[in-house]
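A quick write-up on the structure given underneath.
The values are calculated or read from the model by the stated rules, or taken from the named source; none is laboratory data. Computed from a predicted model, the values in this text were never measured in an experiment. Cβ placement follows ideal geometry from the backbone for every residue including glycine, while neighbour counts extend to all protein chains displayed. Surface accessibility is based on the protein's heavy atoms, side chains included, excluding ligands, DNA and RNA. Shrake-Rupley method; radii C 1.70, N 1.55, O 1.52, S 1.80 Å.
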Amino acid sequence: MPELPEVEIARRNLVRWFKGHRVVESEADDTRVFRGARWKDFNALRGRLLSLERRGKYLLFTFEADRGLLAHLGMTGRFVRRPPGETVLYSRARFHLGSGEVIHFADARLLGRMEPCSASGLSELAPVKALGRDPLVDGLSPTELQEAVGDSRQALKVALMDQGRIAGLGNIHAAEALYRARLHPARAPGSLTPAEWKRLATAVHAALEFGLEEQRGEEPRYLKEGAHNGFLIYGRAGEACARCGTTVESLSQGGRTTHFCPACQPSHPDGKTRR
DNA sequence: GGAAACCTGAGC
DNA sequence: GCTCAGGTTTCC
């Protein structure tokens, strides 16, 4: 379920957890998380974590001895740090630190992905090479946004979630960005005006920054007990739009549910609403 | 395009 | 009991 902000928070936590500690042992279970990759190579991840990079929703671990790991949280994946001996539900892979603490990769639905490889080969892995610009890592100007998304023939929201165009936006933050930019999710990317690209670029950054603020902390907020919905539009179908009071609607795009305000986000640039 | 697939948990 | 879930891939 995690999108860019959640993955970035996971990255920051991991950097903190690994800092000053060596990995004395790594071990993983043979699960679907490794897909075709050689899961036993996970055991070779030892020593210091030299760097941890995020590109879109992927994490790129670099350990000593040219050992690397590509990780994706899927829908329910998460990294947690626990004292020695403590069990973690759905733990799929573990880093044992010199301090005795254990960093688990837990994933109930097994939709996450782990791929051990050489550190130098991380950037050459197919999923990584296919990624588009990361708004936080690479920046995303209105022009760059238009170049990445403007030639798509899919609905605007679907195009925004295409990781090959922009890396990191998922169902929630794409919807949040469109609401902030007052753009209808079904708009044709080719129809946006320069002013609209500018609004959208600003909105993408705002939505991601808001998400980062929301997710700060060790335990992923979205998995927390009783976490309330702090989003502007996501999950608010049937509620009144905070901006204009119109009832928020939903529609299905590319198999995902999109929420939007039919008044604030007109389907045409001239403001006419058509559905 | 869209739907179904991969999985389990949460919510109604 | 049924539906849905913040992701990605695969197959009509």
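The number of residues in the stretch A:145-164 that are in contact with a strand residue (DSSP E or B) (Cβ under 8 Å, 6 or more places away or on another chain) and more than 14 Å from DNA strand B (Cβ to nearest atom) comes to 2.
Scan the stretch A:1-47 for residues that are closer than 30 Å to A:PHE210 by Cβ, among the β-branched types (Val, Ile, Thr) and more than 16 Å from DNA strand C (Cβ to nearest atom) and the total you get is 1. Listed conditions (1) under 22 Å from A:VAL128 (Cα atoms); (2) of a type outside the set (S, T, N, Q); (3) surrounded by fewer than 18 Cβ atoms within 10 Å (Cβ to Cβ) are all met by A:PHE63, apart from (3). Which condition number does A:ASP162 fail, the rest of (1) in the same structural domain as A:LEU192 (by TED's automatic domain parsing); (2) more than 16 Å from A:GLY211 (Cα to Cα); (3) over 13 Å from the mean Cα position of the chain (by Cα) being met? Among (1) in the same structural domain as A:LEU192 (by TED's automatic domain parsing); (2) more than 16 Å from A:GLY211 (Cα to Cα); (3) over 13 Å from the mean Cα position of the chain (by Cα), the lone unmet condition for A:ASP162 is (3).
Listed here are the residues, each with its yes/no results for (1) more than 28 Å from A:THR76 (Cα to Cα); (2) in contact with a helix residue (DSSP H, G or I) (Cβ under 8 Å, 6 or more places away or on another chain); (3) not hydroxyl-bearing (Ser, Thr, Tyr).
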position: A:LEU131; (1), (2), (3): no, no, yes
position: A:SER141; (1), (2), (3): yes, yes, no
position: A:GLY150; (1), (2), (3): yes, yes, yes
position: A:ALA159; (1), (2), (3): no, yes, yes
position: A:LEU169; (1), (2), (3): no, yes, yes
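Of the strands (runs of 3 or more DSSP E) that lie entirely inside the stretch A:22-94, those containing 3 or more residues that are aromatic (Phe, Trp, Tyr) span A:58-63.
Select from the stretch A:16-26 the residues that are open to solvent by less than 50 Å² (accessible area, probe 1.4 Å) and more than 22 Å from the chain's Cα centre (by Cα) and list them in ascending order. A:VAL23, A:SER26, listed by residue number. In the stretch A:96-119, the residues that are open to solvent by 10 Å² or more (accessible area, probe 1.4 Å) form Cβ pairs under 6 Å with partners that are modelled with pLDDT under 95, at six or more places apart or across chains, as follows: A:GLU115/A:ALA37. For A:ARG92, state whether it is open to solvent by 20 Å² or more (accessible area, probe 1.4 Å) and within 14 Å of DNA strand B (Cβ to nearest atom). Taking the combined requirement at face value, the residue satisfies it.
Screening the stretch A:172-212 for residues that are within 16 Å of DNA strand C (Cβ to nearest atom) and surrounded by fewer than 19 Cβ atoms within 10 Å (Cβ to Cβ) and picking the one that is nearest to A:GLU147 (Cα to Cα) gives A:ALA206. When the stretch A:33-43 is filtered for residues that are surrounded by 15 or more Cβ atoms within 10 Å (Cβ to Cβ) and either touching an Asp or Glu at 6+ places or on another chain (Cβ under 6 Å) or of a type outside the set (Asp, Glu) (or both), the ones remaining, listed by number, are A:VAL33, A:PHE34, A:ALA37, A:TRP39, A:PHE42. Can you tell me which of (1) surrounded by fewer than 19 Cβ atoms within 10 Å (Cβ to Cβ); (2) away from DNA strand C (no atom under 14 Å from the Cβ) is the one A:VAL128 doesn't meet? Evaluating A:VAL128 over (1) surrounded by fewer than 19 Cβ atoms within 10 Å (Cβ to Cβ); (2) away from DNA strand C (no atom under 14 Å from the Cβ) leaves (2) as the failure. Residues in the stretch A:24-38 that are in contact (Cβ under 8 Å) with a residue 60 or more places away in the chain and farther than 17 Å from A:LEU122 by Cβ: A:VAL24, A:GLU25, A:GLU27, A:ALA28, A:ASP29, A:THR31, A:ARG32, A:VAL33.
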